[in-house]
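Q: One structure, pasted below without further comment.
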C-alpha cells in the first residue's frame, strides 16, 4: 500500500512538473513572437484538449500547446450551453461588495434600507433612466449610486452638478426620473475620477451596471421584478452580519 501511494505521489509530481514546463514553453514562445504578450499573468489548460488559456490582466486569449496559434474570442461549451470565456471574465472581475468605496457613492435609502445594491450609472444613459423609473417600485433597499460619466463630456458636467448638490439623492432623482437637471455647482469631484478608475479596473464598460450584496454583477437595465429576485437571492446568499 505504501509503495502504491509513493508511486501515485511521484506520478502526480511528474504531471505537475510537465504542466508547468508546458506553460513555461507557451509563455516563452508567445513572448518571443508577439511583443505585446511579454507579460503574461497566467497560462492554464482549458476543458478543450490541447487548448490553453492565456491571461493578461483580465484579457483572455487561447493558444495551442506550442504557442503557434493565438485565438482572441469566446470559448463556448456547446454541451453545457455555457460561455466559458464569459464565466471566467466574470470571476476575474467579480467585485466583493464589502470592498466597494461607498464613500464615493450617492446613498439613496428607501424604507428600512436593509437590502443593498450598488449601481454604476451615467446621467445621459437612456437605459439608466428606464431602470431608475423601474427602481421606484422597489422598497426597503439602500441604493449606492456611483456616478459614472463615460458617455460624453456633458455626462461629466451633469455628474459634477449632481455630486456637488446639497441633496445629491434628490438631484439624481430629479435628473433621471423627472427630467429636471441639477443646477450648476462646483466642489471636489475627485470621487468621480475614482469611480472611473474603479470601473476601468473591473471592466465596467456600460451603464447601468448593478452589483448586489452577494457579489452578483448584472450589466444592463433590468425590470423591477428581476431586481426583486436578485435582491432576494443576495439576501439568502449573504451572511447575516452583512
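No value in this document is a laboratory result; all are computed from the given coordinates. Keep in mind it's a predicted model, so treat the numbers as computed, not measured. Heads up, the Cβs are rebuilt from the backbone with ideal geometry, glycines too, and the neighbour counts pull from every protein chain shown.
Q: Angle between the Cα long axis of helix 190-201 and the longest principal axis of the chain, 0 to 90 degrees, nearest 10?
A: 30
Q: Another question, if that's okay. Report the convex hull volume per residue for region 58-170, counting only C-alpha atoms, in Å³.
A: Cα-based convex hull of region 58-170, divided per residue, equals 179 Å³.
Q: What is the log10 of I(q)/I(0) for the chain, computed with the Debye formula using one identical point scatterer on each Cα and no solvent, at q = 0.08, 0.10, 0.11 Å⁻¹?
A: -0.45, -0.64, -0.73
Q: Here's another thing I want to ask about it. Using only C-alpha atoms and all pairs of different ones, pull out the Kirkwood radius for region 97-237 in Å with one decimal.
A: It is 15.0 Å.
Q: Between 0 and 90 degrees, rounded to the nearest ten: what's the tilt of helix 153-163 against the longest Cα principal axis of the chain?
A: Helix 153-163 and the main axis of the chain meet at about 60 degrees.
Q: Now a separate question. Which three numbers, in whole Å and largest first, are the semi-axes of the equivalent ellipsoid of region 181-242 derived from its Cα gyration tensor as √(5λ)?
A: Computed over region 181-242, the values are 27, 15, 14 Å.
Q: Normalised by the empirical 2.2 N^0.38 Å for globular proteins, what value does the Cα Rg of region 39-95 take?
A: Against the empirical 2.2 N^0.38 Å value, I get 1.10 for region 39-95.
Q: Before rounding to the nearest 500, sum -39500 (n - 2.57) across all DSSP H runs of length at least 4 in the chain and divide by the residue total; then give [θ] at 222 nm in deg cm²/dmol.
A: Result for the chain, helices only: -13000 deg cm²/dmol.
Q: Calculate how steeply helix 2-33 sits against the longest principal axis of the alpha-carbon atoms of the chain, using the helix alpha-carbon long axis, and give the answer as 0 to 90 degrees to the nearest 10.
A: Between helix and principal axis, roughly 70 degrees.
Q: For region 104-167, just run the numbers: alpha carbon Rg, then divide by 2.2 N^0.38 Å, N being how many residues it has.
A: 1.14
Q: Modelling each spin label as a point 7 Å along the Cα-to-Cβ direction, I'd like the residue 33/residue 66 distance in nm, to one decimal.
A: Taking the two extended label points, one gets 0.9 nm.
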